[in-house]
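Asker: So that we are looking at the same thing, I have put the structure below in structure tokens.
The values are calculated or read from the model by the stated rules, or taken from the named source; none is laboratory data. All values reported here derive from a predicted model rather than from experimental measurement. For neighbour counting, all protein chains shown are included, and Cβ atoms are generated from backbone atoms with ideal geometry for every residue, glycine included. When the accessible area is computed, the model is the full protein with side chains, heavy atoms only, and any ligands, DNA or RNA have been set aside. Shrake-Rupley method; radii C 1.70, N 1.55, O 1.52, S 1.80 Å.
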Amino acid sequence: PTLGAPPPRAGACDGCADAGADTVVPDLLDPPNFDPGPCSVDGWCWVMPEAQANALNGIWGSSAADIYAVGDAFTIVHFDGSRWEIVAAGLPAGKSRLSYRAVWGFSASDLFVGGDEGALLHFDGKRWRSHGAWPQGSLPGSVHGLWGSSRTALFAVGDGGVILRFDGTAWSERQSPTQNTLLDVWGFSASEVLAVGEHGTIVRLEGSSWQVMGAGTQEQINAGVGLTQNAGY
């Protein structure tokens, strides 16, 4: 389930690096301990339609034969050009059940997934690993959107208006101009990025600072796609 928006966070800064990458956070539970399900407590398991029946929340691909979709109940599925299969990626250590809400990558061997309780995963082409969570001092929340112009400029947005950036080494929390939940992020470059969310929220990174943009609506904005710097959403 989606978590509620956290209260204001203390200590958010523009450039601090509190959450590390693969080498400093717990690894995933090993795939043998992962039950791709979905199965009920009394042993009934989903058979059709293949490959599973959970809601899917995000999709990304490096080619027509390499597409990933992520969704509820820790679902990750992969399309190889002919069929979809469940990926037994596992769960971050200490988590019992969560949903994945966003996926973004830079190649078939460099893929990121975000979800509930600050979950962030990374796939290197061979193995999935836990890639961190909310920076220290922040309350857990969901990662709803991922986008990056390069591996050194990857952005994650989520509950409470949280904006994170991965610089190729570590995740850091950026100064956000809103406490409204952000649901998607897209951009044109590392310094020109847009994020959208609840209550008609649109925030824009121009250079080094994020600013609120007037949307003219209080309706929830679920996704944004940039076409050019003069047209989008």
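Asker: Where residues in the stretch 122-138 are in a strand (DSSP E or B) and at pLDDT 90 or above, which of them is nearest to Glu192 (Cα to Cα)? Let's see the steps before the verdict.
Answerer: Quick first cut of the stretch 122-138, residues in a strand (DSSP E or B) only: 122-123, 128-130.
Narrowing further to those that are at pLDDT 90 or above: 122-123.
Working: His122: 24, Phe123: 26 Å.
Going through the qualifying residues, I end up with His122.
Asker: Next question. I'd like to check something: does the stretch 139-147 contain any residue that is open to solvent by 40 Å² or more (accessible area, probe 1.4 Å), more than 15 Å from the chain's Cα centre (by Cα) and either at pLDDT 90 or above or among the aromatic types (Phe, Trp, Tyr) (or both)? Outline the logic, then answer.
Answerer: Initially, the stretch 139-147 is screened for residues open to solvent by 40 Å² or more (accessible area, probe 1.4 Å), giving 139-140.
The next check asks that each one be more than 15 Å from the chain's Cα centre (by Cα); those that pass are 139.
Checking the rest, the ones that are also either at pLDDT 90 or above or among the aromatic types (Phe, Trp, Tyr) (or both) come to none.
No, the stretch 139-147 has no match at all.
Asker: Here are some residues: Ser172, Ser176, Ser191. Which one is closer than 16 Å to Glu206 by Cβ and in contact (Cβ under 8 Å) with a residue 60 or more places away in the chain?
Answerer: Values: Ser172 fails: closer than 16 Å to Glu206 by Cβ; Ser191 fails: in contact (Cβ under 8 Å) with a residue 60 or more places away in the chain.
Going through Ser172, Ser176, Ser191 in turn, the sole match is Ser176.
Asker: Identify the residue in the stretch 148-175 that is part of a strand (DSSP E or B) and of a type in the set (Gly, Ala, Ser) and, among all such residues, is surrounded by the most Cβ atoms within 10 Å (Cβ to Cβ). Explain how you work it out, then say what you get.
Answerer: Taking the stretch 148-175 first, the residues part of a strand (DSSP E or B) are 148-150, 153-158, 163-166, 171-173.
With the extra rule that they be of a type in the set (Gly, Ala, Ser), the set shrinks to 148-150, 153, 156, 158, 172.
Details: Gly148: 21, Ser149: 16, Ser150: 10, Ala153: 17, Ala156: 28, Gly158: 32, Ser172: 19.
Residue satisfying both the conditions and the ranking: Gly158.
Asker: Taking the stated definitions as given, is Phe79 in contact with a Gly (Cβ under 9 Å, 6 or more places away or on another chain) and modelled with pLDDT of 85 or more? If you could, list the steps in order and put the result at the bottom.
Answerer: Values: in contact with a Gly (Cβ under 9 Å, 6 or more places away or on another chain): yes; modelled with pLDDT of 85 or more: yes.
Yes, satisfied.
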